[in-house]
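The values are calculated or read from the model by the stated rules, or taken from the named source; none is laboratory data. Please read all numbers here as calculations on a predicted model, not as lab measurements. Here the Cβ positions follow ideal geometry from the backbone for every residue, glycine too, while neighbour counts run over all protein chains shown.
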Amino acid sequence: MSKSAILSSSIAKKYWMAVTGLFLCLFLVGHLLGNLQLVLKTGEEGRRAFNEYAYFMSHNIFIKVLSYATYISILFHAVDGLMLALQNKKARPVNYAYNNPSANSSGAARKMAVLGTAILVFIVIHMANFWWKMKYSSEPMPIHTYVVSSTDQTGQAKTDTLYYTHTPSLQPVPTNPMIVVKNGTELYFKDVNVKVGDTYKDLHKIVMSFFGKSINGAPINQYALFAVIFYVLAMAVLSFHLMHGFSSAFQSLGLNHKKYTPSIKLFGKIFAIIVPAAFAIIPVLIFLSK
């Protein structure tokens, strides 16, 4: 069989769908563990933990490689799924005279292409709101600053604004930390010679504001309620997609066994409920805690 025939066969498509799908399931678990810091830790501890996590995810070379693998897997999984759906449709252009699909497959199984497309739309919107702003937005990201209350030599109360560096250490914040100037490919604070790259971008504040909670007086998203509803609905769609996709991936890979398959299906259903539900509860808790 030629290479082109292998890549164009429905069996090959199902195989690659399974491999990329399981890889993305692992990505979901890792992404969830990071996002849970938004609600499991509160105050300054939670803010710093999430911003350090975001910095690590965008600077660690191993994570960078996995990130590109994830982007490729998402695109491959989506395109491969649509091609497989079209190929199946083309193979059966005329419906049976009597058709009772519910007798042979679940609703999620019959709507995998539709559900997958909806998830792809959500991923694009989600990355535009957070990932793009973190990496490529022309607008300066807010810097993670920390206000410390103390007393001066005369006993008078005072407040000092500090920023975190990767040392890690606390340093005085410039007069206006949000004003930056470009110098080649790097950004510097305008009034002192401190690289923005030495500090933590405050993605925590961006996320909180997006879902309706103000941090240190930051403006909140006026459409926060709709953002939360949209996010929860997207996770419901993801749940239906995983409900069939998880166990189906093992079947496509030929990993069927009368002893283990029932356990795999059970674990797949638990995974399909718990992981999306955990993602969905995060914006809800943020919105309710404002």
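Between a first residue in the stretch 36-56 that is in contact (Cβ under 8 Å) with a residue 60 or more places away in the chain and a second residue that is in a helix (DSSP H, G or I) and surrounded by fewer than 17 Cβ atoms within 10 Å (Cβ to Cβ), which pairs have beta carbons less than 6 Å apart while being 6 or more apart in sequence or on different chains?
So the pair list comes out as V39/L285.
Which number in (1) under 18 Å from the mean Cα position of the chain (by Cα); (2) surrounded by 21 or more Cβ atoms within 10 Å (Cβ to Cβ); (3) assigned by TED's automatic domain parsing to the domain that holds I119 marks the one condition that A249 misses?
(1)
Quick one: L255 ticks every box in (1) without any contact (Cβ under 8 Å) to a residue 40 or more places away in the chain; (2) surrounded by fewer than 19 Cβ atoms within 10 Å (Cβ to Cβ); (3) among the hydrophobic types (A, V, I, L, M, F, W, C); (4) in a helix (DSSP H, G or I) bar one, so which box is it?
Condition not satisfied by L255: (4).
Quick check, is G212 modelled with pLDDT of 50 or more, more than 24 Å from the chain's Cα centre (by Cα) and under 30 Å from P283 (Cα atoms)?
The answer is no for G212.
Being at pLDDT below 90 and of a type in the set (G, A, S) is the filter; apply it to the stretch 215-235 and report the residue that is farthest from P142 (Cα to Cα).
It comes out as G217.
Is it the case that N216 is in contact with a Phe, Trp or Tyr (Cβ under 7 Å, 6 or more places away or on another chain), surrounded by fewer than 21 Cβ atoms within 10 Å (Cβ to Cβ) and under 25 Å from R48 (Cα atoms)?
No; evaluated as a whole, the condition is false for this residue.
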